[in-house]
Every structure is written in structure tokens, then in C-alpha cells.
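Single-structure report; data block below.
A short reminder: the numbers here are calculations on the coordinates, not readings from a lab. Nothing here was measured: the structure is a model prediction, and the numbers come from that model. Ideal geometry is used to build each Cβ from the backbone, glycine not excepted, and the neighbour counts take in all protein chains shown.
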Amino acid sequence: MLVSLGVALWLRDVIADRRNKIEIMKPITLLEKAPRDYPKENKEIGKIQIGERVKVLRIGYGKDFRTWKIRDSMGQEGWFIEDNENIKIKQ
């Protein structure tokens, strides 16, 4: 029962994250791993350009920052840190 509840809460969180829509305002470097995990190495895996369409997959939070996992139109997925200038959250 507890496992089912945990899965349901996790799934609800994923669905809520994926409802977010963002507009790319500055070029973004995508990272392989979630920046909030403070990996010793975090490989740059791609770039997202201004105006490029992306799909939000997950949102993560650190002490003073928010991270986003996105997928571009070519299927590339990665993480970036929001800096209050690189994206605009659409309502």
C-alpha cells in the first residue's frame, strides 16, 4: 500500500512538472546529470538556442536555484540551471 502511494505521489509530481511550458530566451548548455546533485563531473551534451521548442520533463530545486530537464525537438535530453534570464515561463 505504501509503495503504491509513493508511486502515485511521484507520478503526480512528474505530471505537474510536464505541464510547464517555457520559452528559451538565451542559449542554454545542456548537462548530462541533474546539477542539483553536485556531480564531480557533469558532461556538456548539447546546446539549446533562442526560440527553440522544448518539452519540460522534470524540475528540480536546490537551495537557491531551480533546474530543468528538457527534451528538444530532435529528442536530445539534458539538464540546465535557470538563471532568471535564460527562460521565460509561459502561463
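List of remarks:
- Fluctuation leader among LEU30, LEU57, LEU11 - the chain, Gaussian network, Cα springs under 10 angstrom: LEU11
- With a simple spin-label model that places each label point 7 Å from the Cα along the Cα-to-Cβ direction, the separation between GLN49 and TYR61 comes to 3.5 nm.
- Full-extension gain in nm, LEU2 to ILE15, via 0.36 nm per residue minus C-alpha separation: 2.7 nm
- Segment 2-90: relative contact order as a whole-number percent, Cα under 8 Å and 6+ apart: 33
- Legend: distances between Cα atoms for LYS43/LYS88; LYS40/LYS88; LYS40/LYS90; pairs beyond 27 Å are LYS40/LYS88; LYS40/LYS90.
- Selection from TRP68, LEU5, ILE81 lying farthest towards where the dipole of the chain points positive, charges on Cβ: LEU5
- Label point 7 Å beyond Cα of SER73 along Cβ direction - residues of segment 15-36 with amide nitrogen under 17 Å: 22-28
- Convex hull (Cα only) mean projected area of the chain, reported in nm² to one decimal: 6.9
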